[in-house]
Amino acid sequence: MTLEGHVPRARWPLMAVVVAFSAGILIASFLKSDLTHNDFERFEDLRLTFLFFGLLGAACLAYAALWMDRPPLSAGTVVAGAAVAGLLLFISFPVGSKDAFLYAFFGKVWGTYHTNPYVAPPAAFIDDAWQPYVQVIWAKQPAPYGPLFLWQTRLVDAIAHGNLFASVWTHKAIATLALAGCIALGARLMAPAAAAERWYRIALLAWNPLLLFESAGNGHNDAVMALLVLAALWLHRRGGVSRGVLAPAALAAGVWYKWYAVLFLPAFLVAVRRGERRRWLMLVLVTIAVSGVLLLAPLADAVPLVVHRLAGYENLREVFPLQLSPLLAALHWGLERAGVTGGPWTLTWFDAARGGAFALVAVIVLLLQMRGSVGLVESTCALSVAFTMLVITILWPWHLEVPVILGLVAGTPGWSALAVTLTLLGVLSYFFTFAWAAALLVVLAGALFILRRGWFSLPIPDAGPE
């Protein structure tokens, strides 16, 4: 029997772990009766915290084992596991954050209250019945996303007809379908491989606990952002009209969905033939400008406010020491110990160091791409990793979705290892800071290395006759 036609019995436990993890999250997500406080920051019950730690920790161990063992998998195993896990997590309550509820409220601000969500935050509507579900600091701020995403929230608000849970689960459905699209496009972008190897690599993407939990479980819009980036990569690879027209359109959509997609433009520009770069760049800029005018037309009165806020965007400027990436946490700690983070130069050195490091990495990556040492997918992944690790100062687990997907699509051992590491960091950061999660992974990796080398299996000397 072939792998494609039969699910090996030895591989059923792998799929069972994926399904069991999702089923456990589904059940645990409804154990707290007060749904307005049903998220990691407001459980107020350590038993629930430990339960979720056990579930997510087991998922991390199983995923790490999947990556290291490289088992032969069939199409049926991978698709069935991803479909069942995605469905179970879609049904679950979004316990990872309140973002899906904020998405619903942004749509209500625009669609129901007919107010510009770039001007009025959800907290401004103090008498709204949805307020108990969005009691987070971010509810006091206007919408931070691009206008294309706000059009999504308005459409969802129209579909939900004032029902909060219909709106939230519609956003979850969009994120779940976007993840499915990422898996389909990612499979097309992966380098050709034997059937068993190919489905193992797809499983790393389809069974990824961070992607499943943040997209199907919590409904974060990063899955749509990742889909737009992958669509641009796939269209660019197809060449012809797809490369010259549709890929720029996908990039423009990404920019207007979540602003930071503009960081990927240089990588795509380098990938275009030298004689066509000026025309391609002009086409992209015109596409972004025209689509931006159309998308922002109903929100035009807030454009100056949007520009001002982006210049000092809190995720790029405000420092939450507990939400810094491991690299930025080490830099911030070092500067504190050196005594250069106080007084009139509070964060000058910190900002200069991380900004300079990101610029240096970006230049090196683009130069390597020009020389043909890395491809477009790898270059885009490197820029995404550098952005999350060196630029974002309030790093949340779901911000890692795009670099994780791109790393797994790149598929080489190095990029896969990086994507798996980011996955484990993201999941564990719900219970530790990113820095402590990184330290834990280093310790575990060291222990595993020692055990695999057999250093504790030294022969015991013969004591001789008694």
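In whole Å, how far is the Cα centre of region 173-224 from that of region 323-339?
That distance is 33 Å.
Please state, as a whole number in µm²/s, the translational diffusion coefficient that the Stokes-Einstein equation yields for region 1-123 at 4 °C and 1.567 mPa s, with Rh defined as the Kirkwood radius across alpha carbon pairs.
76
Once you have the Cα-Cα distance between M282 and N315, take 0.36 nm times their residue separation minus that, and quote the gain in nm to one decimal. List each step's numbers first, then the result.
Working: separation 33, 0.36 × 33 = 11.88 nm, distance 2.99 nm.
Between M282 and N315, full extension yields 8.9 nm more.
The chain: longest stretch without exposed chymotrypsin sites (Phe, Trp or Tyr not before Pro) (DSSP loop, at most 10 other Cβ within 10 Å), sites themselves excluded? Please report the intermediate quantities before stating the final value.
Numbers: sites that count: W455, F456.
The reported range is 1-454.
Using 0.36 nm times the number of residues separating E44 and A417, minus their current alpha carbon distance, what extension gain do you get? Please list the in-between numbers first.
On the way: separation 373, 0.36 × 373 = 134.28 nm, distance 3.55 nm.
That works out to 130.7 nm of additional length.
If I model the chain as equal point scatterers sitting on the Cα atoms and use the Debye formula, what is log10 I(q)/I(0) at q = 0.06, 0.07 Å⁻¹?
-0.28, -0.38
So which aspartates and glutamates can K32 reach, going by Cα to Cα under 16 Å and dropping same-chain residues fewer than 8 places off?
E41, E44, D45
Simple spin-label model, 7 Å along Cα-to-Cβ: L440 to D34 in nm?
2.6
Determine, for E401, E314, the number of other Cβ atoms within 10 Å of each Cβ, and report the residues in order from fewest to most.
Details: E401 29, E314 15.
Result, fewest neighbours first: E314, E401.
Using only the Cα atoms of region 266-360, construct the convex hull and provide its projected area averaged over every direction, in square nanometres to one decimal. Intermediate values should be presented prior to the final figure.
Numbers: hull surface 37.1 nm².
It is 9.3 nm².
Okay, helix-only estimate at 222 nm for the chain: each DSSP H run of n ≥ 4 adds -39500 (n - 2.57), divide by all residues, round to 500 deg cm²/dmol; what do you get? It would help to have the intermediate numbers written out before the result.
Working: 19 runs with 284 residues, N = 466.
Only helices count here, giving -20000 deg cm²/dmol.
Which trypsin sites (Lys or Arg not before Pro) from region 216-319 combine a DSSP loop assignment with at most 13 other Cβ atoms within 10 Å? Let's see the in-between values first.
Numbers: sites: R237, R238, R243, K258, R273, R274, R277, R278, R279, R309, R317; in loops: K258, R273.
The qualifying sites are R273.
No lab work stands behind these numbers, since they all come straight from the coordinates. Note that this is a predicted model, so its numbers are computed, not measured. Counting neighbours? That spans all protein chains shown, and the Cβs are built from the backbone with ideal geometry, glycine included.
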